[in-house]
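Input: a single structure, listed below in structure tokens.
The values are calculated or read from the model by the stated rules, or taken from the named source; none is laboratory data. On a predicted model such as this, the values are computed, not experimentally measured, just so you know. Note that each Cβ is placed from the backbone with ideal geometry, even for glycine, and that neighbours are counted across all protein chains shown.
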Amino acid sequence: MTGVPTTAGAAARGGTVSAASLAVAAADQVIADLAAGHRAVVVDSPPGAGKSALVVRAARALAGAGEPVMLVAQTNGQVDDLVDRLASAALVRSGSAGLAGAAGAVAGPIGRLCGQDYVPSARVRRHAGVTVSTEIGDLADCVVVVGTAAKWATVRAGAWSCAWAVVDEAYQMRSDLLLRIAGQFDRALLVGDPGQLDPFATVDIDRWAGLTWDPMQSAVEVLLRHNPDVVVRRLPVSWRLPPSAVPVVAEAFYPFGGFAAGSGPGDRRLAFSSSSLWRDEPVDAALSLAVQTGWALYELPARHTVRTDSEAVQACAALAARLLQRGCVAYSEAHPGGMPAGADRIAIGTAHRDQARAIRNALGPALAAVTVDTANRLQGREFDVTIVLHPLSGRVDATAFHLEAGRLCVLASRHRHACIVVARAGIPELLDAYPSTEPVHLNVPAKFPDGWEANQAVMAHLTGHRVSAR
């Protein structure tokens, strides 16, 4: 089993430990850490390792021990997902000691803390046991209260306190937000993916670089820097990424914490319902290569272009349309008999919003169900097939934004079966011409791998899966 980390990997390769066993053992260890009384526990996770499932399990276990829990996420969409998962999991509360819960436990309400302009989504409205309010006082009787970090930061001191806070997507959380809510809980579980996007801002942040109060530092990084004794665990299995993707993603973005694929080499495959529709064209050749190997690089001729490169936009739309036209079917451990990879199971990822808008326009109303969005908005989601417009495609330079490792990591790790990258030729040469020149600041740990190295590693792999669009 490729990519299983540490000593557990050796056991798995010997056939004595399965990926499921590794995942269960890791989650059980985290729950045991909560019962052990640690002040904080950090859980690092690769893409699709079940972060949200662990967060929900931990919240249920803590609430089942009779303790109110504050649950923190970074976006309203993430909060709504957690509320839906919690309510669907029949959250219970009991007066028993420990984290195991007890028979006969009584169901408890869930609170959804929100802003003034929040409109409850269908995922929240369908649960009668969920109370939605802008005021924490209205949620005093709730077993678990869920809200964004930004909303929790507005709760006045003394209005809410609990023994435990559980933070989802903790690497996206700014350190200043953790500081602002720290007085509301005694202990914390922080779960996140260290390889994906860091907290971001729309203002210049260089003025704070290297300062201990830099608000743009990740909450996890600051916590670990000032508390070296904090327990750190890792989830060892990705249930999303197929075996064809795990070595690539792990090498490029997780060099210090490899992970395994939850599926085996023969568990997943893609097929087209009608081979007679195949045409001897570059688009079909790219789709066939992606179906066979899990990867394809659809390479346009080298050229410097505007950001909304019309040829690249049309190529992304054509690949998605052709995939649906040929009737792509996804076979997996969940659907051994096959499941159509419809428009809702296909995503197109970009670096910029204007690129996403241009691709949506090119798809037209008939393909409106295809998800087209930026890496920031695709983070946390998964699809059968993804089409990626490479952030460096057609560029005359390689800026820090376009080189960011987390952005490429998100784009390259959303798929369960195959990923097709659309790019203009010349990216390796562009990387060679623009080596990483980010300034080095005192007191700021160097990021490794940096974006330049990550892009080089991914392009080195994609070179062997290239289909020329000429």
Of the residues in segment 234-250, those that are over 16 Å from residue 196 (Cβ atoms), surrounded by fewer than 24 Cβ atoms within 10 Å (Cβ to Cβ) and of a type outside the set (A, V, I, L, M, F, W, C) come to 242, 243, 244, 247
Taking segment 127-150 and keeping only residues that are within 19 Å of residue 177 (Cβ to Cβ) and of a type outside the set (S, T, N, Q), one is left with 136, 145, 146, 147, 149, 150
Those residues of segment 126-157 which are closer than 13 Å to residue 185 by Cβ and at pLDDT below 90 amount to 157
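Residue by residue, here is whether (1) buried (at least 23 other Cβ atoms within 10 Å of the Cβ); (2) closer than 24 Å to residue 77 by Cβ holds:
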{"position": "344", "(1), (2)": "no, yes"}
{"position": "354", "(1), (2)": "no, yes"}
{"position": "362", "(1), (2)": "no, no"}
{"position": "367", "(1), (2)": "no, yes"}
{"position": "379", "(1), (2)": "yes, yes"}
{"position": "382", "(1), (2)": "no, yes"}
{"position": "391", "(1), (2)": "yes, yes"}
{"position": "419", "(1), (2)": "yes, yes"}
Original post:
Taking the condition at pLDDT below 90 and either more than 18 Å from residue 61 (Cβ to Cβ) or surrounded by fewer than 18 Cβ atoms within 10 Å (Cβ to Cβ) (or both), does residue 160 pass?
Top reply: yes
Within segment 115-127, can one find any residue that is in contact with a Leu (Cβ under 7 Å, 6 or more places away or on another chain) and either within 30 Å of residue 350 (Cβ to Cβ) or not charged (D, E, K, R) (or both)?
-> no
Considering only segment 170-181, I want to know if a residue exists there that is in contact with a strand residue (DSSP E or B) (Cβ under 8 Å, 6 or more places away or on another chain) and either without any contact (Cβ under 8 Å) to a residue 12 or more places away in the chain or over 28 Å from residue 378 (Cβ atoms) (or both). no
Of the residues in segment 273-302 that are outside any helix (DSSP H, G or I) and of a type in the set (D, E, K, R), the one that is modelled with the highest pLDDT is 299
Among strands (runs of 3 or more DSSP E) completely within segment 109-165, the ones holding 3 or more residues that are within 15 Å of residue 73 (Cβ to Cβ) are 110-113, 144-148
Say whether the condition of being in a strand (DSSP E or B), at pLDDT 95 or above and not charged (D, E, K, R) is met by at least one residue in segment 22-38. no
From the option list 273, 288, single residue qualifying as touching a strand residue (DSSP E or B) at 6+ places or on another chain (Cβ under 7 Å), in the same structural domain as residue 326 (by TED's automatic domain parsing), surrounded by fewer than 18 Cβ atoms within 10 Å (Cβ to Cβ) and not hydrophobic (A, V, I, L, M, F, W, C) is 273
message = Among the residues that make up segment 148-162, is at least one of them in contact with a Ser or Thr (Cβ under 9 Å, 6 or more places away or on another chain) and assigned by TED's automatic domain parsing to the domain that holds residue 108?
response = yes
